[in-house]
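First up is the structure itself, then whatever we jot down about it.
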């Protein structure tokens, strides 16, 4: 499911216009992105938690030449699914 399909599904389920639902989806994505970028965790009970993680610097290899190269440390985004979401996926 892509973003437009999500908007269509939510608009159908709620009876709201696709324009209003698209604005709401964009606002939610913006709020989650902003909070996680600022180092905050976003917890949606029953769905999951978005948080930042850390990836350490390491030595990698260039696949074309085989030469070693340094890969810089980076922040990552982690998503941990909530119990209700896991149960729904597993059919419990």
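Rg/Rh, computed from the Cα trace of the chain with Rh as the Kirkwood radius, has the value 1.15. For residue 62 and residue 87, a Förster radius of 35 Å and the Cβ-Cβ distance give a FRET efficiency of 0.20, rounded to the nearest 0.05.
The angle separating the long axis of helix 3-14 from the principal Cα axis of greatest extent in the chain is about 30 degrees.
If the elastic network links every pair of Cα atoms under 10 Å, which of 64, 22, 81 fluctuates the most in the Gaussian network model of the chain? Residue with maximal mean-square fluctuation among 64, 22, 81: 64.
Cβ-Cβ distance of residue 32 and residue 9, R₀ of 22 Å, FRET efficiency by 1/(1 + (r/R0)^6): the value works out to about 0.70.
Just how many % of Cα pairs in the range 1-40 lie over 13 Å apart, if you round to the nearest whole percent? Everything past 13 Å amounts to 53 percent.
A Gaussian network model of the chain, with springs between Cα atoms under 10 Å, assigns the largest mean-square fluctuation among 67, 51, 27 to 67.
Test of understanding: in a Gaussian network model of the chain with alpha carbons linked when under 10 Å, which of 29, 71, 45 would top the mean-square fluctuation ranking? Comparing 29, 71, 45 in a Gaussian network model of the chain, the most mobile one is 71.
Computed from Cα atoms, the angle from the helix 18-37 axis to the main principal axis of the chain rounds to 40 degrees. Let me have the 222 nm mean residue ellipticity of the chain computed from DSSP H runs of 4+ only, each contributing -39500 (n - 2.57), with the sum over all residues rounded to the nearest 500. Calculated from helices alone, the mean residue ellipticity at 222 nm is -14000 deg cm²/dmol. Calculate, in whole percent, how much of the Cα-Cα pair population of the range 43-92 lies beyond 15 Å. Taking all Cα-Cα pairs of the range 43-92, the fraction more than 15 Å apart is 64 percent.
Each value in this text was obtained by applying a stated rule to the coordinates, not by laboratory testing. This one's a predicted model, so the numbers in the text were calculated from it and none came from an experiment. Every residue, glycine as well, gets a Cβ built from its backbone with ideal geometry; the counts of neighbours run over all protein chains shown.
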